[in-house]
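The values are calculated or read from the model by the stated rules, or taken from the named source; none is laboratory data. Predicted, not measured: the structure shown is a model, and the values here were computed from it. Don't worry about glycine lacking a Cβ; one is built from the backbone with ideal geometry, like all the others, and counts go over all protein chains shown. What goes into the accessible areas is simple: the full protein's heavy atoms, side chains included, and nothing from ligands, DNA or RNA. Shrake-Rupley method; radii C 1.70, N 1.55, O 1.52, S 1.80 Å.
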Amino acid sequence: FLFYSAGFEQDFLRAPYYNSFAPQAAAVPATLVNQQSRIIEKQSPTSGFGRLDWVMNSSNTLSVELVLDRIRSTNAGDGLTRSLAAPTHTSNFGGQSVTARLGLATVLNARALNQAVLAYSNDHRLRTPVSTAPEFFINGFGVLGGDSAGSHRYTSQQWQLIDDVILTRGRNEFTFGGRFAASPAYEQREPNLNARFDYTSLPDYLNSNPRRFQQTIPIAGVPHYEDTVDELGLYANLRSEEHTSELQSH
């Protein structure tokens, strides 16, 4: 016997919000007033799902599952309906994730069942500021220029191999098994590569009098993290009609 299911969804979202600088006692130059506007954040998430179950014979059932997700977003802000930051302080965001699972359930006898699973997942994300200009943070007024947080790129993966054995007798059940997982990851992020200027007030900004200046100068390229975390787990679990006891070790 063969059973299958599939699904797909595509959404289109337009989320308007406004950037409006904090009111000032004195007049604000027209060059700054004109930077206030309506911003449209656009998102287009996509998702897909598929599953296949194959009853190979009276003892073995094979299952395959695949899940796909994708997101694209432009002019992403902080999620609020009003922002103190200029439109150039927004970012574009994109990424995709994949999850795949292969499982085999085997009936060993009338009282024993074995379940083996091989799974893989991958998640990739990239956030990129729309402007590479320095950031000008003006206390009590707003934020001009680009986003000094910079781009953020990361990818995480995981491979899993799981095997369970279930033994039953009457209302008693004994389960034991193990799990091995390898999780490689990559992340790249370094703020203030394009510099950040902090001002105590709007008059200080207009007079080019910064309170603080920050800039990161990498010595050998943009720093990043890249490594793999390995995990091995063994467990045993006993459940009976009168009481339940568990024993686990990692």
Quiz item: Any idea what the relative contact order of segment 73-192 is, in percent, if you count C-alpha pairs under 8 Å spaced at least 6 apart?
Solution: 24
Quiz item: Can you pull the percent of segment 62-170's accessible area that's carbon plus sulfur, 1.4 Å probe, other chains left in place?
Solution: 60
Quiz item: ³J(HN,Hα) across segment 73-79 via Karplus (A = 6.51, B = -1.76, C = 1.60, θ = phi - 60°), whole Hz, x for Gly/Pro?
Solution: 9, 10, 6, 6, x, 9, x
Self-check item: Mean shadow area of segment 111-216 over all directions, Cα convex hull, nm²
Solution: 11.4
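Could you state, as a whole-number percent, how many of the C-alpha pairs of the chain are farther apart than 23 Å?
68
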Quiz item: Among 221, 48, 142, which one shows the biggest mean-square fluctuation in a GNM of the chain, springs joining Cα atoms closer than 10 Å?
Solution: 221
Exercise. Please name which of 192, 214, 202 has its Cα lying farthest along the dipole of segment 183-234 towards the positive end, using unit charges on Cβ (Lys, Arg +1; Asp, Glu -1) and the Cα centre as origin.
Key: 202
Quiz item: GNM, the chain, Cα, under 10 Å: largest mean-square fluctuation among 145, 77, 177?
Solution: 177
Quiz item: Between 187, 41, 173, which gets the highest mean-square fluctuation from a Gaussian network model of the chain, Cα cutoff 10 Å?
Solution: 173
Practice problem: Please work out the average accessible area per residue across the chain, using the 1.4 Å probe convention, and give it in Å². | Solution: 63
Quiz item: Tell me, what HN-Hα J-couplings in whole Hz come from the Karplus equation 6.51 cos²θ - 1.76 cosθ + 1.60 at θ = phi - 60° for each residue of segment 121-135, using x for Gly and Pro?
Solution: 9, 9, 10, 10, 9, 9, 10, 10, x, 6, 10, 9, 6, x, 8
